[in-house]
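Just below is one structure, and these are the notes that go with it.
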Amino acid sequence: MIINNELNTKLINIAKNQAIMNQNAKFDKILQDLSSDNSRLTSAISNASNMANSDSKLFATFDFMQAMNQLLYGNPSDAERSKLLSKMQKIANNI
């Protein structure tokens with residue numbers, strides 16, 4: 001009797017779940033839309049990452065040119081000159 005009641009309960013739950021799935025026939029479409037949204041989001045993140053990397057190189061180049069100008073047109077002391085040269089070396093290695 002207990003097994004029969006448990007089986008009936010399970011069958012009722014399966015029937016309820018089936019009825020919910022039948023009512024929500026758009027469930028597959030929702031999953032497909034989420035999948036396409038996910039691919040568009042991944043593409044947007046990839047594009048943003050590429051743009052950030054490009055901007056990073058641009059700013060590093062700007063810093064390098066600024067240090068070069070300080071060396072050429074400024075009057076840095078020997079300590080400042082060595083700092084600028086090491087900074088320029090680091091930037092050149094990163095680019």
Taking R0 as 30 Å and r as the Cβ-Cβ distance between residue 59 and residue 32, the FRET efficiency 1/(1 + (r/R0)^6), rounded to the nearest 0.05, comes to 0.15
Using the heavy atoms of the protein chains and a 1.4 angstrom probe, tell me the accessible area per residue for segment 55-95 in square angstrom. 82
Which of the lysines could a cross-linker bridge to residue 57, judged by Cα under 28 Å and excluding same-chain residues fewer than eight apart? 83, 87, 90
Proximal lysines relative to residue 10, as straight alpha-carbon distance under 19 Å, when same-chain residues fewer than 8 apart are discounted: none
Vicinal HN-Hα couplings computed from phi for segment 46-62 (Karplus, 6.51 cos²θ - 1.76 cosθ + 1.60; Hz; Gly/Pro x): 4, 5, 5, 5, 5, 5, 5, 5, 5, 5, 4, 5, 4, 5, 5, 5, 4
So how much slack lies between residue 93 and residue 20, counting 0.36 nm per residue of separation and subtracting their Cα-Cα distance, in nm? 20.2 nm
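The values are calculated or read from the model by the stated rules, or taken from the named source; none is laboratory data. Please read all numbers here as calculations on a predicted model, not as lab measurements. Neighbour counts run over all protein chains shown; Cβ positions are idealised from the backbone, glycine included. Ligands, DNA and RNA are excluded from the accessible area calculation, which covers all protein heavy atoms including side chains. Shrake-Rupley method; radii C 1.70, N 1.55, O 1.52, S 1.80 Å.
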